[in-house]
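The values are calculated or read from the model by the stated rules, or taken from the named source; none is laboratory data. Everything numeric here is computed off the predicted structure, so don't read it as measured data. Reconstructed Cβ throughout: ideal geometry from the backbone, glycine too, with neighbour counts over all protein chains shown.
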Amino acid sequence: MEWTAATIRRFREVGLCLPQDKFAKDLGFAERTIGNAERGTHRPSLALRRALDRAWEKATDEQRNRFHGITPAIPASNPTLESVELLRRTKASDLGAGTLEQLEELVDHLGAEYFATPPVEFRATVLSWRQYVAGLLEGTLTLRERGRLYRVVGWLSGLVAEASLALGERAEPHCAAALSLAEDVDDRRLAGWVRGTQAQIALYTGDPREAVAFARAGREIAPTGSAALVRACALEARAHGRGGDLAEAEDALSRAEHALDVRTEPQTRGFFSFDMPYVPYYAGTTYVWLGEATRARTWAGQAIELCDTDPVPWPVARTSARIDLAVALTHARELDGAVAVGKEAMDIWAQRPTHPARKRIEELLAVLRPFTVACVVELREQWRWISR
């Protein structure tokens, strides 16, 4: 056997059906060594090639046939046996009854817990569940079960991406994993949601053009009636606002309002719902970034009222909507009002600190920088004390 990166990986995955850590242990090598060999990073050493030869010699005929892509023949004269075998292969599963339903419900439960859980704790919880589901994928599953598990892992990866963004850490790899899984199982709702997350990342890293592209991709793939479509349209408006394009921003806001009007998904009051307060909240930020202070003030005020009267905490929306209002008041030279609202935003942020909300507070402080009146100085001191 010529042991190339491709043949080593195929022998493990297809022939032996082993995870990488078990394969490495059986061969007597570190998992990193096997990983490097499978990726082609390093040519397999003589010792590794000999260990692979020994494993090949020990392999059963069935394992070697799987490696070569040979399917055992079923006698054509026995159609009953063929049907039984096909049924066995499609029905064989290691999953217990109800496991998939519980995992799918788990995703919705985690979405509901997102706003009430500190991002560090939330991400750790989701990562542990994702690892658990990945372990289930190593077992025997029907095709339908595998697809449903891929969908669960995709949504969990999307939540990991959101928590990473909240912590100011790299979220892109988790988005890539979620998007790949969404494409594998043709989950347009998940794909649209992840494109929205990518748009947010681009916005907070200072690339509005890329944010527009991601948001449009989300709008084009998200199903009509979904919260993912409302979110993609609202994010596109924000991205155009950051880029200074008033006409495009207002078109996108109109699409967001229409998408909300025709939404058929129930409002779950959780992370995946994109409920009523979010369109005015995104509109307020859009107009702040466009320099349209009067309209920003109107939308931000509406967002604050909706958020504050809702039983869901909406911490990021409540913080950022107040920042939008404070910026609008600053442009109108209403500094006392701006500072009062800014203090409220900082107090809310302190209860659940996130990186995006921090960036918005810093944006307000930058707008207030030219002013040296006592209330503004006091606001800066409060931020130093809270954010240290």
Worksheet item: Can you find even one residue in the stretch 113-128 that is over 29 Å from ASP310 (Cβ atoms) and modelled with pLDDT under 85?
Response: no
Discussion item. Within the stretch 1-11, take every residue that is buried (at least 16 other Cβ atoms within 10 Å of the Cβ) and of a type in the set (D, E, K, R) and give me the one that is farthest from ALA37 (Cα to Cα).
Written reply: ARG10
Worksheet entry | helices (runs of 4 or more DSSP H) contained entirely in the stretch 12-110, each with at least 3 residues that are at pLDDT 75 or above and crowded, with 16+ Cβ neighbours inside 10 Å | 20-27, 31-39, 46-58, 61-68
Worksheet item: Yes or no: LEU229 closer than 22 Å to ASP108 by Cβ, hydrophobic (A, V, I, L, M, F, W, C) and modelled with pLDDT of 95 or more?
Response: yes
Practice prompt. Could you tell me which numbered condition PRO173 fails, if it satisfies all but one of (1) in contact with a helix residue (DSSP H, G or I) (Cβ under 9 Å, 6 or more places away or on another chain); (2) farther than 26 Å from TRP314 by Cβ; (3) in contact (Cβ under 8 Å) with a residue 12 or more places away in the chain?
Written response: (3)
Worksheet item: Inside the stretch 31-46, can you point out the residues that are in contact with a helix residue (DSSP H, G or I) (Cβ under 6 Å, 6 or more places away or on another chain) and either among the β-branched types (Val, Ile, Thr) or on the phi < 0 side of the Ramachandran plot (or both)?
Response: GLU31, ILE34, ALA37, GLU38, HIS42, PRO44
Worksheet, complete the sentence: Of the residues in the stretch 252-277, those that are surrounded by 22 or more Cβ atoms within 10 Å (Cβ to Cβ) and closer than 20 Å to VAL212 by Cβ come to ALA252, LEU253, ALA256, ALA259, PHE274
Practice prompt. Return a yes/no flag: does the stretch 153-162 have any residue that is over 30 Å from CYS17 (Cα atoms), part of a helix (DSSP H, G or I) and among the small types (Gly, Ala, Ser).
Written response: no
Practice prompt. Output the qualifying pairs, or none if there are none: Cβ atoms under 8 angstrom, residues six or more apart or on different chains, first residue in the stretch 98-118 and closer than 10 Å to PHE271 by Cβ, second residue among the hydroxyl-bearing types (Ser, Thr, Tyr) and part of a helix (DSSP H, G or I).
Written response: LEU110/THR125
Item to complete: Of the conditions (1) touching a Pro at 6+ places or on another chain (Cβ under 9 Å); (2) in contact (Cβ under 8 Å) with a residue 40 or more places away in the chain, PRO19 clears all except one; give me its number.
Response: (1)
